[in-house]
There are 2 protein chains.
Amino acid sequence: MIGEKPLPARRLPRAQRRDQILAAATEAFARSGFAATSLDDIAAEAGITRVILYRHFDSKTDMYQAVLDRMCARLDANVEEPVGGFTDASVDGLLAAAIESPAGFRLLFQHALREPEFKERIEKFRADITAAAYLQIAAVVPDRALARWAAQLAPVVAIEAIIAWLDAGQPDPAKAAARIRQAVMGVIGAAVASDVDCPLPHHARMEGIS
Amino acid sequence: MIGEKPLPARRLPRAQRRDQILAAATEAFARSGFAATSLDDIAAEAGITRVILYRHFDSKTDMYQAVLDRMCARLDANVEEPVGGFTDASVDGLLAAAIESPAGFRLLFQHALREPEFKERIEKFRADITAAAYLQIAAVVPDRALARWAAQLAPVVAIEAIIAWLDAGQPDPAKAAARIRQAVMGVIGAAVASDVDCPLPHHARMEGIS
DNA sequence: CGACTTGTTGACTCCGAAGTGTACTTACCG
DNA sequence: CGGTAAGTACACTTCGGAGTCAACAAGTCG
């Protein structure tokens, strides 16, 4: 299906092979998530046998955790939040991580986040960003329920904007970050605007856009 | 775990039971998707035995399809698109469907959409909305790649806004639709703005929001 | 009442995938 | 050149969940 190697597969030093397996596992898991991905799928993706996997990881779960941790570490490294909140730097960090590993990015936010057994770690990451966003938004949006809603939505929009950008073939990387930031700002702006009971003729704008 | 009934479970006429099973299955599947949900989970959710499921559905796959079709039909009914495009009515329809069945809404857009074997039907639904959105956006955004990106993103933001609203406890239902529409418009506005090379001091706005 | 239908229980088969062991090759490095 | 580590082949065991069957219990309706 992919690029199978009936050949005896080149030899690699242990650490390197482990890394390659993690990369392959990331790709495989990113397609259908944990439950729907077999170790044979991963072995095939890595171009080796299933048995080899067990020389590097204790179990499927262990391996999945390693994949998740690896990607989370990448995120933590890129989007270190000095309590500053959901800043431009946060978007840049997310984007950088997504560019480094698109599959890992998708895996985290499209699959792992919805898998009860694994979502904890990454949910905590997201919660941090959401909390930071809340502080900023709450300062502008008096209605607390609305502020929580916007704070919840802002990071999600950033993530979805990045994924949509990946899907679109990563056009114009130089301006991507700016555009994503604007999309997020657009959402926050919506919360602000609708809080003062729709001062904008949004209906007309939406209908008359064409 | 939930509200188990060790009792012999009340009897229901066939059609009614089938519907109740579909509702239970929707809840169960919405938690972890197709692969990670067992028929026992569903039977427990419905308060009956696994064997009964087979008196209503041929297989697990068959049942899942039924659940998906049911929810898709609900969507089609609510958000009928007279080629008009991604209008206010579309948002209203999506929102109505989400209120009718939050679990179904989540199941479709958080799980089924990422399950290769099943995403086809619902992907088509999403593609229709995306295409409609593209027509509207392309009229305002000259850069075609950017327009495609925004068109891809707009429906996703609408959906995520709805899910975030569900998560927040469905506050202020009367204005929810308007807020979601504004969020979507904010995203589209971002595409428009960034196309003319960032006329807004977005950086300052974002940093200085607090 | 008696038949039918909905339900339960507990057994059973089947299959795919996780996980393990052993014996056999072969590349690489000191 | 020889040993070790990386890799293969294949033959398992184990396990959970899908799918099936038969016997039995109890509401409901003619």
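Peptides B:106-115, B:69-78, B:183-192, A:14-23: what's the order by average Cβ count within 10 Å, highest mean first?
Ranking, from highest mean packing down: B:183-192, B:106-115, B:69-78, A:14-23.
Mean partner shielding of peptide B:172-183, defined as the number of other chain Cβ atoms within 10 Å of each residue Cβ, is 6. Between this copy and the others, label points of B:D19 are 5.9 nm apart in ascending order, each placed 7 angstrom from Cα in the Cβ direction. Can you send over the carbon and sulfur percentage of the accessible area for the protein assembly as shown, probe radius 1.4 Å, protein chains only? The C+S portion of the solvent-accessible surface of the protein assembly as shown is 54 percent.
In square angstrom and rounded to 100, what buried accessible area do you get between chains B and A, total over both, with the probe at 1.4 Å? Summed over both sides, the interface buries about 4900 Å². Annotation for B:E117, label-to-label distances across the other copies: 1.8 nm (shortest first, one decimal, point 7 Å from Cα along Cα→Cβ).
For the range A:71-207, a crude dipole built from +1 on the beta carbon of Lys and Arg and -1 on the beta carbon of Asp and Glu, taken about the Cα centre, is about 80 debye to the nearest 20. Taking the axis that rotates chain A onto chain B, the chain A residue nearest to it by Cβ, with the distance rounded to whole Å, is A:G186, 1. Set the bar at 27 Å for Cα to Cα. Now go through A:K124/B:K124; A:K60/B:K124; A:K119/B:K124; A:K60/B:K60; B:K60/B:K119 and name every pair that lies beyond it. Check vs 27 Å cut-off fails for A:K124/B:K124; A:K60/B:K124; A:K119/B:K124. Report which residues of the range B:106-122 become buried by 50 Å² or more of accessible surface when going from the isolated chain to the complete set of protein chains (1.4 Å probe; DNA, RNA and ligands ignored). So the qualifying set is B:R114.
Answer rounded, prolate or oblate for the range B:11-78, using the Cα gyration tensor with square roots of eigenvalues a ≥ b ≥ c: rounded when a/c is under 1.5, else prolate when a/b is larger than b/c, else oblate. In terms of gyration-tensor shape, oblate. Label-point spacing at A:D58 relative to the other copies reads 4.4 nm, in ascending order, each point sitting 7 Å out from Cα along Cα→Cβ.
Can you compute log10 of I(q)/I(0) for the range A:86-171 with the Debye formula, treating each Cα as one identical point scatterer, at q = 0.22, 0.24 Å⁻¹? Ignoring solvent entirely, the Cα scatterers give -1.09, -1.20.
Which distance in Å, rounded to a whole number, links the C-alpha centroids of the range B:101-146 and the range B:4-53? Taking the Cα centre of each part, the range B:101-146 and the range B:4-53 sit 29 Å apart.
What is the Cα convex hull volume of the protein assembly as shown when expressed per residue in Å³?
Per-residue hull volume (Cα only) is 166 Å³.
Here is the P(r) of chain B: all C-alpha pair distances, binned every 5 Å from 0, give 1, 7, 13, 15, 15, 14, 11, 8, 6, 4, 3, 2, 1, 0 in whole percents.
The values are calculated or read from the model by the stated rules, or taken from the named source; none is laboratory data. All values derive from a computational prediction rather than experimental measurement. For neighbour counting, all protein chains shown are included, and Cβ atoms are generated from backbone atoms with ideal geometry for every residue, glycine included. Ligands, DNA and RNA are excluded from the accessible area calculation, which covers all protein heavy atoms including side chains. Shrake-Rupley method; radii C 1.70, N 1.55, O 1.52, S 1.80 Å.
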